[in-house]
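Here is the structure we will look at.
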Amino acid sequence: MLAEALLTKARRAGATPEQMQILEARLGSDHVAADLGLAHEWAWLSEPRFTFVDLFAGIGGMRLAAESEGGRCVGSIEIDKKCIDTYRHNFGDDPSGDITVIDPRSVADHNLLLAGFPCQAFSIAGLKGGFEDTRGTLFRNVAEIIAAKRPDAFILENVKGLVSHDKRKTLAVILNTLVGFPVNYHLVQPSGKSKLKGEGWSVLNALDFGVSQNRERIFIVGFKDPMAADRFRFPNPTTPGGAGLSLQDVLEDGPRWRTPVHARHFISEKYLQGLKRHRDHHESIGQGFGFEVRDHHGYANALVGGGMGRERNLIKAQMGPQVGTLDGLKGPRNDEGLRRMTPREWARLQGFPEWFEPHHADTHTYKQFGNSVAVPNVAAVVSAVMAAIERVDLPENEPSASPRQTRIAWSQPESRPNPR
Ligand SMILES: C[S@@+](CC[C@H](N)C(=O)[O-])C[C@H]1O[C@@H](n2cnc3c(N)ncnc32)[C@H](O)[C@@H]1O
């Protein structure tokens, strides 16, 4: 019933054939009622609670988070062709663009700016200066867009290493740039003393926000209105330390999904022996870094783009026989039933909805999910930011409890220009 109603509204409201096709596919999926999926459909069809731009869009993890809070994307920028393919396939928007060449003033007006900027910002060289020290960095392009478009707020996301980089000077330059001329934004004051919390930023762990993955990321949040900055608090954990979560819940061959895993995800005996030798070597020189087999009842190590993200998250298979041939393996399968996690399991560990279709080639998919964000973690930050702007008091320990949209109205598709 709900699915039919949504389709009718979308058709009447002038959805393009491409948008209708995507919507129909999602509504037909068994899992569309999963929290994020349904919230996403509502955000798409209803009067938006806020508008946002998705810079360094990747495959749209931050977009999913903002849409789940009732936001509408009015522009996205991404340079990588494979990410663009995945993004276009799932959202029907083309994010193609290079942030270094766009005119900041050409970016669509928006309430919230989202940017999971790449690590190039780490090359900032300055003595805790500000704007001038950021020349030639991708962070500078973000700062210029904030200065030109003056959104109500921004959320910047990056790896935890940014906090300590160059004896904290890099972070100081970034923060000074955000509060100084010509950006002039307001940062939230830290509450309580913590090495992982400071003026305008906090390190949050995805494990605390509903996914079984130990993923610590820095979030930098700023507001145009100083009063909103005063009201803002970083969200409280909803699943402290992964409480109530289990890696088993995302496993394809686990009790929840009961799907055989394709043979290509298993490692060969020869490869396993190589991993063991590599680990022994590193241990012998005092570096405890190597492959890991994760406990089904525990959580995953951080998913990262490179090969180690896969090897530090090996799983003991729970089901057989597996479909597919062993063609991709170098020699016979290992005797211990060890396999890598599948792309779908990575999608779940990043909190992506089931309707999201990864890129067709595994190597690109792992890289794309590894570079993306834990969606529920970002959603909790977006929720807290919007509550500060809208003066909504969030219930204690329920930082993601934001009002959902109930009015349905299709905004003009033309009002979704790409800032290129
Ligand atoms: C850390 S990833 C962000 C992932 C994204 N937040 C997500 O959820 O998938 C950084 C992205 O910035 C993109 N990028 C790097 N340089 C860029 C540029 N000059 N213009 C636009 N995008 C760029 C990269 O291709 C990469 O996908």
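Every number here is computed from the coordinates shown, using simple stated rules; none is lab data. Because the structure is a prediction, the values reported are computed rather than measured. When we count neighbours, we look across all protein chains shown, and the Cβ atoms used for this are built from the backbone with ideal geometry, even at glycine.
Taking each residue as 0.36 nm, the span from residue 148 to residue 189 lengthens on full extension beyond its C-alpha to C-alpha distance by 12.3 nm.
Here r is the Cβ-Cβ distance between residue 227 and residue 336 and R0 is 60 Å; the resulting FRET efficiency, rounded to 0.05, is 0.55. Checking every one of the trypsin sites (Lys or Arg not before Pro) in the stretch 253-303 against DSSP loop status and a limit of 13 other Cβ atoms within 10 Å picks out 256, 258. The loop-placed GluC sites (Glu not before Pro) in the stretch 105-189, going by DSSP, include none that has at most 16 neighbouring Cβ atoms within 10 Å of its Cβ.
Given R₀ = 56 Å, FRET efficiency for residue 196-residue 259 by Cβ-Cβ distance, to 0.05? That gives a FRET efficiency of 0.90.
Among the trypsin sites (Lys or Arg not before Pro) in the stretch 153-213, which ones are in a DSSP loop with at most 12 other Cβ atoms within 10 Å of the Cβ? Mind listing them?
Here the sparse-neighbourhood loop sites are 193, 195.
Between residue 164 and residue 301, the simple label model (points 7 Å from Cα in the Cβ direction) yields a spacing of 1.7 nm.
For the stretch 68-105, the residues whose amide N sits under 17 Å from a probe point set 7 Å from the Cα of residue 392 along the beta carbon direction are 68-73. Annotation for the stretch 351-388 versus the stretch 132-189: alpha-carbon center distance of 23 Å.
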